[in-house]
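The values are calculated or read from the model by the stated rules, or taken from the named source; none is laboratory data. Being a predicted model, the structure only gives us computed values, none of them experimental. No Cβ is skipped: glycine too gets one built from the backbone with ideal geometry, and neighbour counts run over all protein chains shown. Side chains are part of the model used for accessible areas, which takes the heavy atoms of the whole protein and leaves out ligands, DNA and RNA. Shrake-Rupley method; radii C 1.70, N 1.55, O 1.52, S 1.80 Å.
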Amino acid sequence: MTRIEDLIEDGWRGEPASVGSRPIGPDGLSVRPWKDCISPEFVQSWRRLAASAATPNPFGEHWFVLPSLEQFDPRGTVHLATLVVDGELAGLMPLYRARDYHGHPLPHIGNWMHPNSFCGEPLIAGDHAEAFWSALLDWSDRNWRSSLFLHIACLPGDGIAVDTLNRVCKAKRRANRVVHRVSRACLRHGLSPEAHLVSILGKKRRKELSRKRRRLEETGQTIFTRATGEDGLDEWIDQFLQLENAGWKGQESSSLVSARQTACFFRESLHGAAREQRLERLAFHVDGKPVAMLCNFVTPPLAHSFKTAFDEDLYKLSPGMLLQVENLALLEREEIGMTDSCAAAGHPMIEQIWDDRREIVSVSIPVGGTIRRGVGDILTSIEARRSENNR
């Protein structure tokens, strides 16, 4: 199994590439197949970009994107749109071309994501956001091929990307429409964990949770752990995959371990997050057996609650909810202003205890010449109206 540190030290997939043998590229925007971009030098610049990004996004960092591409795009059809300034990466976003748009034959260019990626905001350093979006729109107009629009999915409504796109499109006098929006549960820094519980749960509900915690502890030796780093991580991942697969996701073949690619991606991305000090993992074990587990990606001032699993045979004791109570310790961290749950809207457990909401939007921008943009504008306006009517 290839790990990211092997890439950084020895080149991608063991190729005989020395540092600098694949340059980052000339200054300006370029869009190249991802396999043509990757080198130790490129990855190091990507790391520096993540550290300087105006809006952090763990789902755009090298330790998450590269295992994703290796597992889900082995042929190398996905491209990387990169903005280089003074020889350093100043912006990066994976791109792909598609002929299908939610079941409709509408060719478009889009930011590449997969079902286990929960934020599509590109990594952009400092004050380079306007330059990145302006250059990407110009590139899309020149390279549209059969595409009707540029579709950027899963952008936080409170992020820099949406605001900058609006300003750039206004300056260029071009259409820019929100075609989908959803509210996702989140936690915002302010109250202590105890005060938060009092504000969100009534006294009767809090007593019930305390009673369930006692009952869980009565079933056997109950140990709560919170960890970072790679020590014991492989065993932790094995237990998580088994725990998730034992529940309804395993029965519906949607668990991570149901496919080799998703299991490998999960393992490699967690190891990468741990190496970059981005990972926090929590668990309850009873007599050595895991009954609830979760992992967060921590990229101050944001955090993302990535994955969780619990023993469904103990659902009456709510081990998953009890672990979420422990997860409220994120509220005590001064460097974390907000934690995104990454949960689907209306999640029956998360929304009981995460009372704030974060708007997530998808934006479409017609591309090409005047006539083609006009067609794209009609199509995106129809999609935008349909989205609003379905809210």
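So for the stretch 321-335 (the condition being among the polar types (S, T, N, Q), over 23 Å from K249 (Cα atoms) and open to solvent by less than 20 Å² (accessible area, probe 1.4 Å)), does at least one residue qualify?
Taking the stretch 321-335 as the starting set, the residues that turn out to be among the polar types (S, T, N, Q) are 324, 327.
This time we only want the ones that are over 23 Å from K249 (Cα atoms), so: none.
Checked the stretch 321-335: no residue is among the polar types (S, T, N, Q), over 23 Å from K249 (Cα atoms) and open to solvent by less than 20 Å² (accessible area, probe 1.4 Å).
Return the total of residues in the stretch 148-169 being assigned to a loop (DSSP other than H, G, I, E, B) and either hydrophobic (A, V, I, L, M, F, W, C) or over 21 Å from F118 (Cβ atoms) (or both).
Going through the stretch 148-169 one residue at a time, the tally reaches 1.
Just give me the residues in the stretch 258-292 being surrounded by 19 or more Cβ atoms within 10 Å (Cβ to Cβ) and either modelled with pLDDT under 95 or part of a helix (DSSP H, G or I) (or both), in sequence order.
T262, F265, F266, R267, E268, S269, L270, H271, G272, A273, A274
Of all residues in the stretch 301-319, which are open to solvent by less than 20 Å² (accessible area, probe 1.4 Å), assigned to a strand (DSSP E or B) and more than 19 Å from P156 (Cα to Cα)?
A309
Is there a residue being surrounded by fewer than 19 Cβ atoms within 10 Å (Cβ to Cβ), under 20 Å from G126 (Cα atoms), modelled with pLDDT of 95 or more and of a type outside the set (V, I, T) anywhere in the stretch 16-28?
Yes, the stretch 16-28 contains a residue that is surrounded by fewer than 19 Cβ atoms within 10 Å (Cβ to Cβ), under 20 Å from G126 (Cα atoms), modelled with pLDDT of 95 or more and of a type outside the set (V, I, T).
Does V375 satisfy the condition of being surrounded by 17 or more Cβ atoms within 10 Å (Cβ to Cβ) and over 16 Å from R184 (Cα atoms)?
So V375 does not fit the description; no.
What are the residues in the stretch 105-114 that are more than 20 Å from H304 (Cβ to Cβ) and in contact (Cβ under 8 Å) with a residue 12 or more places away in the chain, if any?
Those that are more than 20 Å from H304 (Cβ to Cβ) and in contact (Cβ under 8 Å) with a residue 12 or more places away in the chain: L106, P107, H108, I109, G110.
Please go through the stretch 152-173 and give me each residue that is open to solvent by 20 Å² or more (accessible area, probe 1.4 Å), within 20 Å of the chain's Cα centre (by Cα) and within 17 Å of G368 (Cα to Cα), ordered by number.
Correct list: empty.
Could you look through the stretch 138-151, keep only residues that are polar (S, T, N, Q) and either open to solvent by less than 20 Å² (accessible area, probe 1.4 Å) or touching an Asp or Glu at 6+ places or on another chain (Cβ under 9 Å) (or both), and pick out the one that is farthest from T82 (Cα to Cα)?
S147
Residues to consider are L322, L330; find the one that is modelled with pLDDT of 90 or more, assigned to a helix (DSSP H, G or I) and in contact with a helix residue (DSSP H, G or I) (Cβ under 8 Å, 6 or more places away or on another chain).
L322
Does L106 count as of a type outside the set (S, T, N, Q), crowded, with 18+ Cβ neighbours inside 10 Å and assigned to a strand (DSSP E or B)?
no
Given the conditions (1) in a loop (DSSP other than H, G, I, E, B); (2) touching a residue at least 60 places away in the same chain (Cβ under 8 Å); (3) open to solvent by 10 Å² or more (accessible area, probe 1.4 Å), report the number of the one that P94 does not fulfil.
(1)
If I filter the stretch 343-354 for residues that are among the acidic types (D, E) and either out of contact with any strand residue (DSSP E or B) (no Cβ under 7 Å at 6 or more places or on another chain) or open to solvent by 60 Å² or more (accessible area, probe 1.4 Å) (or both), do I get at least one hit?
no
Checking S253 against (1) in a loop (DSSP other than H, G, I, E, B); (2) crowded, with 20+ Cβ neighbours inside 10 Å, which test does it fail?
Against the list (1) in a loop (DSSP other than H, G, I, E, B); (2) crowded, with 20+ Cβ neighbours inside 10 Å, S253 comes up short only on (2).
Filter the stretch 115-137 for residues that are without any contact (Cβ under 8 Å) to a residue 60 or more places away in the chain and surrounded by fewer than 21 Cβ atoms within 10 Å (Cβ to Cβ); which is nearest to F297 (Cα to Cα)?
Applying the filter and picking the extreme gives P115.
Tally time: how many residues in the stretch 126-155 are at pLDDT below 95 and farther than 19 Å from H79 by Cβ?
Of the residues in that region, 2 qualify.
If we scan the stretch 75-89, do we find a residue that is under 30 Å from I336 (Cα atoms), open to solvent by 30 Å² or more (accessible area, probe 1.4 Å), modelled with pLDDT of 90 or more and hydrophobic (A, V, I, L, M, F, W, C)?
Let us first name the residues in the stretch 75-89 that are under 30 Å from I336 (Cα atoms), namely 80-85, 88-89.
Now restrict to residues that are open to solvent by 30 Å² or more (accessible area, probe 1.4 Å): 85, 88.
Restricting the remaining residues to those that are modelled with pLDDT of 90 or more gives 85, 88.
When the remaining residues are screened for being hydrophobic (A, V, I, L, M, F, W, C), the result is 85.
Yes, the stretch 75-89 contains a residue that is under 30 Å from I336 (Cα atoms), open to solvent by 30 Å² or more (accessible area, probe 1.4 Å), modelled with pLDDT of 90 or more and hydrophobic (A, V, I, L, M, F, W, C).
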